[in-house]
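Enquirer: Below is a structure I'd like to ask you about.
The values are calculated or read from the model by the stated rules, or taken from the named source; none is laboratory data. Keep in mind the model is a prediction, meaning the values are calculated, not measured. Here Cβ is always computed from backbone atoms with ideal geometry, including for glycine, and neighbour counts include all displayed protein chains.
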Amino acid sequence: MDKIQLGEFIKSIAGDAEIRDGKQYLEIMVPPSSLYKLARQLKENADTQFDFLFCLTGVDWGPDLGVIYHMRSTIYNHTVVLKTRTSDRENPILDSVTDIWQTAEFHEREAYDLLGIKFKNHPDLRRLFLDKSWGFPLRKDYVDDINIVTK
């Protein structure tokens, strides 16, 4: 399956996906409502088999918070970048993908700890590095009243 066919496959699952051929990988932007279904299909479908989630990163895009997933099919040698974002900065909630890729467990905890993104159905969502007094230091609107973090 080439990039064009992969893009068509993705559109058949998530019609609301925005797909672009990035510099290195095929990039897919989906709304949070399509994230879980698409991720599961990308892993479980016999023609794609994205069996390796090698990076999950939380991002503060200014008005939105989101997550970027880098996935690889070790069988077909395909790599894609899946992105999703929410404009709800007060209560950002995305679906967990830990039941699809177990490695997501600690990456999602890191995104929760540093950006405050909650993952629905995560098996153990709690802070990984910091205690509750910290807030979310990787947010662009984070205020450090005691100058622990300097700019």
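Enquirer: Name the residues in region 64-78 that are in contact with a strand residue (DSSP E or B) (Cβ under 6 Å, 6 or more places away or on another chain) and either aromatic (Phe, Trp, Tyr) or modelled with pLDDT under 95 (or both), would you?
Expert: If the condition is that a residue be in contact with a strand residue (DSSP E or B) (Cβ under 6 Å, 6 or more places away or on another chain) and either aromatic (Phe, Trp, Tyr) or modelled with pLDDT under 95 (or both), then Tyr69 is the only one that fits.
Enquirer: Take Phe136 and decide whether it is assigned to a loop (DSSP other than H, G, I, E, B), at pLDDT below 95 and buried (at least 19 other Cβ atoms within 10 Å of the Cβ).
Expert: The answer is yes for Phe136.
Enquirer: Considering Phe54, Phe50, which residue is in contact with a strand residue (DSSP E or B) (Cβ under 7 Å, 6 or more places away or on another chain) and surrounded by 15 or more Cβ atoms within 10 Å (Cβ to Cβ)?
Expert: Testing whether each residue is in contact with a strand residue (DSSP E or B) (Cβ under 7 Å, 6 or more places away or on another chain) and surrounded by 15 or more Cβ atoms within 10 Å (Cβ to Cβ) leaves just Phe50.
Enquirer: Just for region 1-36: of the residues that are of a type in the set (Lys, Arg) and within 18 Å of Ile68 (Cβ to Cβ), which one is surrounded by the fewest Cβ atoms within 10 Å (Cβ to Cβ)?
Expert: Within region 1-36, the match that is surrounded by the fewest Cβ atoms within 10 Å (Cβ to Cβ) is Lys23.
Enquirer: A follow-up question, please. What pairs come out if I take residues in region 53-67 that are without any contact (Cβ under 8 Å) to a residue 40 or more places away in the chain and pair them with residues that are loosely packed, with under 14 Cβ neighbours inside 10 Å whose C-beta lies under 8 Å away, six or more apart or interchain?
Expert: Correct list of pairs: Pro63/Ser87; Asp64/Ser87.
Enquirer: Being of a type in the set (Ser, Thr, Tyr), in a strand (DSSP E or B) and out of contact with any His (no Cβ under 8 Å at 6 or more places or on another chain) is the filter here; which residues of region 58-82 pass it?
Expert: Tyr69, Ser73, listed by residue number.
Enquirer: Would you point out the residue of region 69-92, among those that are touching a residue at least 60 places away in the same chain (Cβ under 8 Å) and not aromatic (Phe, Trp, Tyr), that is nearest to Ile28 (Cα to Cα)?
Expert: Within region 69-92, the match that is nearest to Ile28 (Cα to Cα) is Val80.
Enquirer: So Phe119 passes all but one of these: (1) closer than 29 Å to Asp141 by Cα; (2) without any contact (Cβ under 8 Å) to a residue 12 or more places away in the chain; (3) of a type outside the set (D, E, K, R). Which condition number does it fail?
Expert: In the conditions (1) closer than 29 Å to Asp141 by Cα; (2) without any contact (Cβ under 8 Å) to a residue 12 or more places away in the chain; (3) of a type outside the set (D, E, K, R), Phe119 misses (2) alone.
Enquirer: Something else now. Tell me, which residue of region 10-48 that is acidic (Asp, Glu) and in a strand (DSSP E or B) is modelled with the lowest pLDDT?
Expert: Step one: filter region 10-48 for residues acidic (Asp, Glu), giving 16, 18, 21, 27, 44, 47.
Add one more test, that the residue is in a strand (DSSP E or B), and what stays is 18, 21, 27.
Working: Glu18: 96, Asp21: 90, Glu27: 96.
My answer is Asp21.
Enquirer: Follow-up. Quick check on region 83-118: of everything there that is in a strand (DSSP E or B) and of a type outside the set (D, E, K, R), which residue is surrounded by the fewest Cβ atoms within 10 Å (Cβ to Cβ)?
Expert: Ile93
Enquirer: Shifting gears a bit: All but one of (1) touching a strand residue (DSSP E or B) at 6+ places or on another chain (Cβ under 9 Å); (2) over 17 Å from Leu56 (Cα atoms); (3) of a type outside the set (Ser, Thr, Tyr) hold for Gly135, so report the exception by its number.
Expert: (1)
Enquirer: Shifting gears a bit: Could you tell me which numbered condition Trp61 fails, if it satisfies all but one of (1) at pLDDT 95 or above; (2) surrounded by 14 or more Cβ atoms within 10 Å (Cβ to Cβ)?
Expert: Every condition holds for Trp61 apart from (2).
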